[in-house]
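The values are calculated or read from the model by the stated rules, or taken from the named source; none is laboratory data. None of the values given here were measured: they were computed from a predicted structure. FYI the Cβ positions are ideal-geometry reconstructions off the backbone, even for glycines, and counts take in every protein chain you see.
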Amino acid sequence: MQKVVLNGETETIELGKKIGAQLKMGDVIVLTGELGSGKTKLTEGILTFFGLQNEISSPTFTIVNEYQTPQFPIYHFDVYRLEGSDEFLAIGGEEYFEKGVSIIEWGEMIADILPPQYTKISFSRELKDDNKRILTIEQI
């Protein structure tokens, strides 16, 4: 487990770029934390590493956005509006895990069907500084 303190959006994007550089086919990243805590910004950083920074949009209403990189597709999920794992399975969500890299916002909602190994990044806000975020990164 690793803790990282970030001061603002720029540092969040920079961390995302570092994570992007290490990704490989089949990786799953679960992002958890309250609304506005930086989950989509971190994803923007990951996509920036692949030159896709202008293409990001939150998949809140579409459930999944797909981005093509030369190495593999990246699937960006937002499962906040799903009723649970059954709904994720109904859209074929599990099949995405093997086809590319999956980044899942609110992934704790489908924890029971996540692959045996994934990276979980938990976001929390610093109470005294609204721009500061504390990330806990765990390999599950």
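When the stretch 111-133 is filtered for residues that are in a loop (DSSP other than H, G, I, E, B) and over 18 Å from the mean Cα position of the chain (by Cα), the ones remaining, listed by number, are LEU127, LYS128. Looking only at the stretch 83-100, residues that are in a helix (DSSP H, G or I) and either loosely packed, with under 15 Cβ neighbours inside 10 Å or of a type in the set (A, V, I, L, M, F, W, C) (or both) come to 8 in all. For the stretch 18-39, residues that are surrounded by 22 or more Cβ atoms within 10 Å (Cβ to Cβ) and part of a helix (DSSP H, G or I) total 1. Kindly indicate whether any position in the stretch 101-110 is surrounded by 13 or more Cβ atoms within 10 Å (Cβ to Cβ), at negative phi and either in a loop (DSSP other than H, G, I, E, B) or without any contact (Cβ under 8 Å) to a residue 60 or more places away in the chain (or both). Yes: one or more hits.
Yes or no, residue by residue, for (1) in contact (Cβ under 8 Å) with a residue 40 or more places away in the chain; (2) touching a His at 6+ places or on another chain (Cβ under 7 Å); (3) over 28 Å from ILE113 (Cα atoms); (4) not acidic (Asp, Glu):
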residue: GLN2; (1), (2), (3), (4): yes, no, no, yes
residue: GLY8; (1), (2), (3), (4): yes, no, yes, yes
residue: THR32; (1), (2), (3), (4): yes, no, no, yes
residue: GLY51; (1), (2), (3), (4): no, no, yes, yes
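Are any of the residues in the stretch 46-61 at pLDDT 85 or above and closer than 25 Å to ALA111 by Cβ? The answer is yes; a qualifying residue exists.
Looking at the stretch 119-140, can you tell me whether even one residue there is without any contact (Cβ under 8 Å) to a residue 40 or more places away in the chain, closer than 27 Å to MET1 by Cβ and crowded, with 20+ Cβ neighbours inside 10 Å? Looking for residues that are without any contact (Cβ under 8 Å) to a residue 40 or more places away in the chain, closer than 27 Å to MET1 by Cβ and crowded, with 20+ Cβ neighbours inside 10 Å, one finds none in the stretch 119-140, hence no. Residues of the stretch 40-52 that are of a type outside the set (Asp, Glu) and in a helix (DSSP H, G or I): THR40, LYS41, LEU42, THR43, GLY45, ILE46, LEU47, THR48, PHE49. In the condition set (1) in contact (Cβ under 8 Å) with a residue 40 or more places away in the chain; (2) within 26 Å of LYS3 (Cβ to Cβ); (3) not hydrophobic (A, V, I, L, M, F, W, C), ASP78 is compliant with all but (1). Here TYR80 meets the list (1) hydroxyl-bearing (Ser, Thr, Tyr); (2) surrounded by 13 or more Cβ atoms within 10 Å (Cβ to Cβ); (3) not in a loop (DSSP other than H, G, I, E, B) almost entirely, failing just condition (3). Screening the stretch 61-73 for residues that are free of Cβ contacts under 8 Å to residues at least 40 places away in the same chain and of a type in the set (A, V, I, L, M, F, W, C) and picking the one that is surrounded by the fewest Cβ atoms within 10 Å (Cβ to Cβ) gives PHE61.
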